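Accompanying notes for the structure given below.
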Amino acid sequence: MKILKLITLFLFSLTLFGCNPKTFFVEREIEKNLGRFNYEMLKDGKLHVVLVGSGGPMNNPERLPTSTAIIAGGEFILVDLGAGTIRNADLQNLPLKNLSAVFLTHFHSDHISDLGEANFWSLAMGRTKTLEVFGPVGTKDVVDGYNLAYKYDTSYRIAHHGAEFFPPEVCVPVAKTVRIAEADGAELFFNRNGLKAYAFRVDHSPATPSYGYRFEYKGNVVVISGDTKRIENLTKHTKDADIFICEGVRMELVKHVSDYAKKTGRPRIGKLLFDTLDYHIDPVDAGKVAKEANAKKLVFNHIVPPVTNFLTKRMFLDGVDYVYDGDIVMGEDGMEFILEPKQ
Ligand SMILES: [Zn+2]
Ligand SMILES: [Zn+2]
C-alpha cells in the first residue's frame, strides 16, 4: 500500500512539473535505447578491443560466431562478421554509425554472413562514408554478391527516404583487395589516425588465401589469428603482442563429439565435425604460439565445440597453462579489453 501511495505521489508530482506520466516513461525508454551508444571509445586515445562474437559456426545459446571490434583514433573496424553479430554489436552499444571498415580473414560463412546487415545498420544509424571491405583475393566477389542481393533493398531505401538521406554512393560497400607481397611477410594496408593494420598469411586450406591481422596503436599490439592451423608465420607475426586473439578448436572434444555422433546414427554430423580437425588450432597449440611469440595475453574466440558448462569449459582450456604462463582468457560475447597508450 505504501509503495502504491509513493507511486501515486510520484506521478502526481510529474504532472505538477508539466510532465505527462505516460509520455515521461515512454520517452525515458526511447532515450535509453537511442542514447546508449558509446562514442567516447572513439576519441579517448585508448585501443579498445571488443569480442562481438566469440563462437564458432555451431549455434549455441552463449556465443555468436566470430566478430571482433577494434576501436581507436576515431576508427572502428570489425574483423569478420558471423551471423547475428551486428545485432550483438548494436546491443553492446558500439558506435555503428562510425563503422570505418570491415576486414575479412576468409570467406567461410561464419565469418561473412552479416556483411549486408553491417552495411545497412551502420548506414541507417548515420554513417556518412562508403563502407570499405578489406580482405584476401575473392573479397570483390563476396562484396559484389552482397551488393547484388541487397540491390532492391538499397533502391527501396533511396526511393523512400530520399537520396540526401541515403546517398547512393554511400549505400554500396566497396571491396579493397589486400595482397601480401612476400609469402611470410606482413602487408601494411591500413594506416589512419595512428591505427595501423597489417595482414599476414595463415593456413586454413582449402580456404586460401586466409589472413590474420596485426593492429598497432600508440605502442600497443593486438593480433587476430583468423582461422588457421598452427604455423610458423602465425608465431612470427604475433611477436610481442599485448593481446593475441586466437581461434580455438579443442581437438579431443570435437573428436569425441564426432565419434559419439557416428555411434548414435548421425554419421553426417560426425563426418563434418571430424573434417574440421585438420585446419584449425588446438588451444594448447595456441598457447605454444603465444609462448614462442612472447604475447602477454591469450584470448580465445571462435570457440569450438560450443562448450556451455563449467566442466567442458575447463576441458577446453585444459593444459594451456602448462605451455603458456601469460594471461589466458576464455572469450565471451561482449568482453572488452582497453589498452592505455604506451607512447
Ligand atoms: Zn574458416
Ligand atoms: Zn570459422
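Rule-based calculations on the coordinates, nothing more; no lab input. Quick caveat, the model's predicted, so the values are computed rather than measured. Glycine also receives a Cβ, built like all others from the backbone with ideal geometry; neighbour counts cover every protein chain displayed.
Worth a mention:
- Spherically averaged projected area of the chain from its Cα convex hull (nm²): 23.4
- Panel order for Thr15, Thr139, Thr66, by other beta carbons found within 10 Å of each beta carbon, from fewest to most: Thr15, Thr139, Thr66.
- Gaussian network model of the chain, Cα within-10 Å springs - most flexible of Leu47, Leu195, Leu34: Leu34
- Only beta bridges with both residues in the chain are counted; by DSSP, about 55 percent of them are antiparallel.
- Charge dipole (debye, nearest 20) of the chain; +1 at Cβ of Lys and Arg, -1 at Cβ of Asp and Glu: 680
- Under DSSP loop assignment and at most 11 Cβ neighbours within 10 Å, longest trypsin sites (Lys or Arg not before Pro)-free interval of the chain: 180-341
- Of Lys2/Lys22; Lys140/Lys342; Lys32/Lys313; Lys288/Lys342; Lys262/Lys296, pairs whose Cα-Cα distance is over 31 Å: Lys140/Lys342; Lys32/Lys313; Lys262/Lys296
- Value of relative contact order over segment 267-343, rounded to a whole percent, pairs C-alpha under 8 Å and six or more apart: 36
- Summing charges over all other residues whose Cβ lies under 13 Å from the Cβ of Ile328, with Lys and Arg as +1 and Asp and Glu as -1, gives +2.
- Total formal charge among the other residues, if their Cβ is under 14 angstrom from that of Phe316, Lys/Arg +1 and Asp/Glu -1: -3
- Taking packing as the residue-averaged number of other Cβ atoms within 10 angstrom, the listed peptides 160-168, 304-312, 241-249 run from highest to lowest as 241-249, 304-312, 160-168.
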